[in-house]
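Peer 1: Handing you a structure now.
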Amino acid sequence: MSDNVRIDKWLWAARFFKTRSLATDAVDSGKVRWNDERVKPARNLKPGDMLAINNGATEWEVEVVGLSDLRGSAPQAQKLYAETLKSSAKRQNETEQRRLFHEPTSEIKGRPTKRDRRLLDKSST
């Protein structure tokens, strides 16, 4: 643990992004906001900072609890932040919606065959 960590390193260590370059790109493109402000990847974090993170699949609102620039296990990474109740409820709701909504094309690999197209048309009516 260190007392001075760049936001891109922290996002990678907290396992919000698979690589540090993905974390850097997300910060540069504005998908990560620090205290509701756009920042650069070199921004240093401190405990108590609030981050809004959109990693493509989910959106998070977290408070920085611990600092680390080393990527560890998932349980260690979860100790670095505390998710807000609002964010947690929103993520659970989105997960439930995805579970209930069945995408008809999820089983089809590649271009649908004539039979697949008929089944799709039949299920949509």
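The values are calculated or read from the model by the stated rules, or taken from the named source; none is laboratory data. Note that the coordinates shown come from a computational prediction; the quantities given were computed from them, not determined experimentally. Methodologically, a virtual Cβ is constructed for each residue, glycine included, from the backbone with ideal geometry; neighbour enumeration extends over all protein chains shown.
Peer 1: Has region 50-64 got at least one residue that is surrounded by 13 or more Cβ atoms within 10 Å (Cβ to Cβ) and over 17 Å from the mean Cα position of the chain (by Cα)?
Peer 2: No, because not a single residue in region 50-64 is surrounded by 13 or more Cβ atoms within 10 Å (Cβ to Cβ) and over 17 Å from the mean Cα position of the chain (by Cα).
Peer 1: Which residues, taken from region 34-48, are more than 10 Å from Arg6 (Cα to Cα) and surrounded by 10 or more Cβ atoms within 10 Å (Cβ to Cβ)?
Peer 2: Trp34, Asn35, Arg38, Val39, Pro47
Peer 1: Still on this structure, I have one more. From the list Gly110, Gly56, which one is outside the structural domain of Ala13 (by TED's automatic domain parsing) and of a type in the set (Gly, Ala, Ser)?
Peer 2: Gly110
Peer 1: Just checking, which of Leu80, Leu70, Leu85, Leu100 is within 23 Å of Asn4 (Cβ to Cβ), exposed (fewer than 14 other Cβ atoms within 10 Å of the Cβ) and either more than 15 Å from the chain's Cα centre (by Cα) or not β-branched (Val, Ile, Thr) (or both)?
Peer 2: Within the list Leu80, Leu70, Leu85, Leu100, the selection yields Leu70.
Residue-wise test of (1) within 30 Å of Ser123 (Cβ to Cβ); (2) in contact with a helix residue (DSSP H, G or I) (Cβ under 7 Å, 6 or more places away or on another chain).
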| residue | (1), (2) |
| --- | --- |
| Asn4 | no, no |
| Lys9 | no, yes |
| Lys18 | no, no |
| Leu22 | no, no |
| Asp36 | no, no |
| Pro47 | no, no |
| Arg71 | no, yes |
| Lys86 | no, no |
| Phe101 | yes, no |
